[in-house]
1. I'd like to know if the range 371-378 contains one or more residues that are without any contact (Cβ under 8 Å) to a residue 60 or more places away in the chain, buried (at least 23 other Cβ atoms within 10 Å of the Cβ), in a helix (DSSP H, G or I) and among the β-branched types (Val, Ile, Thr).
2. Can you tell me which residue within the range 292-305, out of those that are of a type outside the set (Gly, Ala, Ser) and surrounded by fewer than 21 Cβ atoms within 10 Å (Cβ to Cβ), is nearest to Gly381 (Cα to Cα)?
3. Could you tell me whether Asp288 is surrounded by 14 or more Cβ atoms within 10 Å (Cβ to Cβ) and not assigned by TED's automatic domain parsing to the domain that holds Glu119?
4. Only one residue in Leu389, Leu462, Leu455, Leu394 is of a type in the set (A, V, I, L, M), in a helix (DSSP H, G or I) and closer than 21 Å to Lys232 by Cβ, so which one is that?
5. Pairs under 8 Å by beta carbon, first residue touching a residue at least 12 places away in the same chain (Cβ under 8 Å) in the range 75-93, partner buried (at least 22 other Cβ atoms within 10 Å of the Cβ) and of a type in the set (D, E, K, R), six or more apart or different chains?
6. Restricting attention to the range 328-337, does a residue exist that is of a type in the set (Ser, Thr, Tyr), free of Cβ contacts under 8 Å to residues at least 60 places away in the same chain, more than 27 Å from Ile103 (Cα to Cα) and surrounded by fewer than 24 Cβ atoms within 10 Å (Cβ to Cβ)?
7. Given (1) out of contact with any Cys (no Cβ under 9 Å at 6 or more places or on another chain); (2) closer than 26 Å to Tyr417 by Cα, identify the lone condition not met by Cys94.
8. Which of the following residues is in the same structural domain as Glu226 (by TED's automatic domain parsing), touching a helix residue (DSSP H, G or I) at 6+ places or on another chain (Cβ under 8 Å) and part of a loop (DSSP other than H, G, I, E, B): Met126, Met105?
Amino acid sequence: MSLSRLFLKLVATTSLTALAGCPSGGAAKKIRSEQPTVTPKSSVSPEQCDGSKSYDSLVVDWDPEVRGDLEVAMKEGVAVVAYDCNSIKLLPDCSLDGNYGFIGMTRKEKVVSMQDSDEIKANLPMSGVSFLAKLGGEIKRGTTLDAAMVMIGKKNSARKRASRDELEEDCSEATHFVRSATLGAFVLATSTAAEGKVAANFFGEQGAGAGSSSAESVHNKDGNIEDCKNTKPDAKSAPSQCGAPLRLRLKPIKESADEPKTALATIDVPSCPPGFVVTDDGCEKPKDDTPYQCDVGDASTCEAQCEKGHAGSCFVLGSMLRDGQGAKKDWKRAASLLSKACDEADAQACRAAGVMVAAGHGVKRDGKLAQTMLTSSCDGGDALGCVELGKLMLSDETLNAGDAQFVFRKACYGGEYEGCTWLGNMRQEGLGGMKSSPKIANKFYEKGCKEGSSLACYKLGLNTRAGTGTKKDKTKAAELIQKACQAGHEPACK
């Protein structure tokens, strides 16, 4: 039986049990214990949380009211939080200019099984401690807390960096902004020895966990897996019952916008609280037999974990070898490692590998292979991969240039501003068989400029100065070109 069907069976069974207000069998009655009243303390000091790293945080434990506040915050601007590796707090009164776009992705299913109290606190910074207060003694007897998730897309912010001087209103507690949110449907439930014990049994072929669930086994759920079944990577929005936030990518708020940017800083991988590592099953304590995500810049650990089979570590090591940052430049080996990670469906690695194959860096140039890799990246929810795919379609004569508009559009409305800039280029210059329309091009340039593209600001500035597709306005044009210069577009400065 597929995980989807078992997931659905779990939801249906536990929902009916909860409505009945009684356990579904004698075994469930026996495993219940009195709820403890002692709240466990967290072991991570706030100062141990690395302020330079990105962190992933599950939100499947959040109360419906707080989840609603998150959705509102993401509609009104870029959501801001206070996160210290112990806890996370949404700051609805703190605002950061920007917005989010939806990008569809190939549907994925995942179970995060939290085996002990430390893992629960590391993966659920909002409510982990309160869950432990409920589970208490049971967690010591083999109870696990399982988050079963179906992922169908992301909400991405075009904003890749933020500094403290850009924050507005009450932001004294702010530490991170929400760069993206993975969307779908989920069930958060406990499993005991009598009910299935671990995720493999909880969702096993016989459905043992679902069959003997007590009314207390499901702690939170959102979305309908039936609505998730027919989603496609090119969907323009999430289904009405399959768009629940599952996981947030948190990026640190810098003290100043003038902090130096490095090649390593563009490699975006998640981290866990101190003492834990990112594995395919969430935040866990390091184990010799479990490969995990290495830190950017740590070449030796990346090497070891890549050899063990962790795609994210292969991606980081390949990127370091490609750029000669933290490792000696080696294009041939970089291309090999990135291709290896792409084979394991790492969307960022597929983008990086596709770009190298398209350019013939470290490997023989192959337009068709590059297209396959970049399509995997784009379908995997990497909006920048969609941009690179569109650029390849326009430059490779063996590919259909007209299809570039569709992937640029997906990127533009999926939180990657350069997609808007390239759409503007296609409409202004009549690329890919499109009819030239400077007026429409300016709309895309305006969107791209607003969301951070220096090139879009420059293009819009030139059109505004010349009155191309818009009213001539030299003052406004000068402001746009100056903005492009300040954002680092050198031709604008000249």
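The values are calculated or read from the model by the stated rules, or taken from the named source; none is laboratory data. Being a predicted model, the structure only gives us computed values, none of them experimental. Don't worry about glycine lacking a Cβ; one is built from the backbone with ideal geometry, like all the others, and counts go over all protein chains shown.
1. Taking every residue of the range 371-378 in turn, none turns out to be without any contact (Cβ under 8 Å) to a residue 60 or more places away in the chain, buried (at least 23 other Cβ atoms within 10 Å of the Cβ), in a helix (DSSP H, G or I) and among the β-branched types (Val, Ile, Thr).
2. Asp295
3. no
4. Leu389
5. The qualifying pairs are Val78/Arg159; Asn86/Lys121.
6. Yes, there is a match, as at least one residue in the range 328-337 is of a type in the set (Ser, Thr, Tyr), free of Cβ contacts under 8 Å to residues at least 60 places away in the same chain, more than 27 Å from Ile103 (Cα to Cα) and surrounded by fewer than 24 Cβ atoms within 10 Å (Cβ to Cβ).
7. All conditions pass for Cys94, except number (1).
8. Met126
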